[in-house]
Amino acid sequence: MTVCDRAKETCPTIHGGTETLHWSFDDPAEAQGSDDDRAQAFRRVRNEIAEKIRHWLKTEAGLP
């Protein structure tokens with residue numbers, strides 16, 4: 001699984017019957033501003049990833 005466009009473009013792929021997922025998220029390392037602003041960017045992306053995983057588990061893996 002990749003979570004940023006740069007990784008999707010540069011990481012090697014392994015072929016052989018596996019599903020590859022790509023979810024594009026902002027790169028929080030590129031956030032500008034104060035330490036608090038940058039920390040908020042990391043928390044926002046963390047929360048977006050967590051929500052995406054929860055949704056995927058419900059819809060694709062059949063978990064509650």
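Just add up the charged neighbours of PHE42: K/R +1, D/E -1, any other residue whose Cβ is under 13 Å from the Cβ of PHE42.
Working: positive: ARG38, ARG43, ARG44, ARG46; negative: ASP26, ASP27, GLU30, ASP35, ASP36, ASP37, GLU48.
Residues near PHE42 contribute -3 overall.
Rolled with a 1.4 Å probe across the full set of protein chains, the surface gives THR20 an accessible area near 100 Å². A simple count of charges around ALA31, restricted to other residues whose Cβ falls under 15 Å of its Cβ and scoring Lys, Arg +1 and Asp, Glu -1, yields -3. Residues in segment 47-57 carry Karplus couplings, in order, of 5, 5, 5, 4, 5, 4, 5, 4, 5, 4, 4 Hz; the curve used is 6.51 cos²θ - 1.76 cosθ + 1.60 with θ = phi - 60°, and Gly or Pro positions show x.
The values are calculated or read from the model by the stated rules, or taken from the named source; none is laboratory data. It should be emphasised that the depicted structure is a prediction, and the values quoted were computed from it without experimental measurement. Virtual Cβ from ideal backbone geometry, glycine too; neighbours counted across all protein chains shown. Areas reflect the complete protein model, heavy atoms only, side chains present, ligands, DNA and RNA absent. Shrake-Rupley method; radii C 1.70, N 1.55, O 1.52, S 1.80 Å.
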